[in-house]
Amino acid sequence: MSAALVLASRVAALLARSGVEARPPAAGAGAWSLALAEPPDLAALYAAADGIALPDGTLILPRGDVARATAWLAEERSLDWAHDLLVIGEREDLVIVLDLDVAGARAGGGVLEAPTDGLASFQRVARSVVGYLERRLGVAGAEAAGPEVRAREAAARRDLPALVEALSEEMYPGAERQVAHAALTLGALLSERGDEAALDAFARSVEARVAAAPRGAAGPERLAAWRACEIAAREAGAEVIAAACAARASGGG
């Protein structure tokens, strides 16, 4: 089956879910008016429905409203957004943004959520709009979430293989604290096995915490991060790895 047919099938399955309300597309209305290529999955969605409401309150705007909503929000909130960040929907106190990442500068972009009172703080939750809707609806076999979400979920489950896989992918800018926590968990799991690769995971956790620290706080943050790694290794029963973390905390490595 071609990629286009697969997308059309996924969209049809979404629209058939209980509680989903879809506005039928009108011929010649709601054209894509932006000087940016419309992603294939979004084009497939709009070919079947010009605006969607999910039972959880998630709303996807009609195609013709995307440019207007983006321009209005940017002006209303004086946002210095990149030109390829588009407002495509909302849910409660969240704005749903599609990052097209035309220049490949933001880990491939995807679907972001931002609180209405913090529109410069994005959290990537999915790679595509159809994938985002599949996850919101709990579709079995849905497209995988963004690596930031998968890393967080894997850390909560203490799932070593899933953590390794998620952390191997490029993370969206601003996800440093999520990465720090996931990498700390990975280091703890590897420490339980006595695997010295734990030190590499801990080092990544430290660097992510330092990257997220306020200006001028890098030194104390690095020290606190290595101490957290030391504690995690010691709780895992890995005294040698804990000692290595302690040495790095004191500047000895």
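General observations
- From the list E90, E76, the one residue that fits, being open to solvent by 20 Å² or more (accessible area, probe 1.4 Å), of a type in the set (D, E) and under 24 Å from the mean Cα position of the chain (by Cα), is E90.
- Test result for A213, within 26 Å of the chain's Cα centre (by Cα), within 21 Å of M171 (Cβ to Cβ) and at pLDDT 95 or above: no
- Count of residues meeting criterion [outside any loop (DSSP other than H, G, I, E, B) and either in contact (Cβ under 8 Å) with a residue 24 or more places away in the chain or closer than 20 Å to G89 by Cα (or both)] in the range 120-176: 25
- Qualifying residue in the range 42-60 (condition: farther than 21 Å from L133 by Cα and open to solvent by 40 Å² or more (accessible area, probe 1.4 Å)): no
- Restricting the range 209-253 to residues that are of a type in the set (D, E) and free of Cβ contacts under 8 Å to residues at least 24 places away in the same chain leaves a set whose member that is most open to solvent (accessible area, probe 1.4 Å) is E239.
- Screening S205, S250, S168 for residues that are farther than 28 Å from A107 by Cβ and polar (S, T, N, Q) leaves exactly one candidate, S250.
- Among the residues listed as G187, G194, the single one being over 25 Å from A114 (Cα atoms) and open to solvent by less than 20 Å² (accessible area, probe 1.4 Å): G187
The values are calculated or read from the model by the stated rules, or taken from the named source; none is laboratory data. All of these numbers come straight from a predicted model, not from anything done at the bench. Don't worry about glycine lacking a Cβ; one is built from the backbone with ideal geometry, like all the others, and counts go over all protein chains shown. SASA here: full protein model, heavy atoms, side chains in, ligands and nucleic acids out. Shrake-Rupley method; radii C 1.70, N 1.55, O 1.52, S 1.80 Å.
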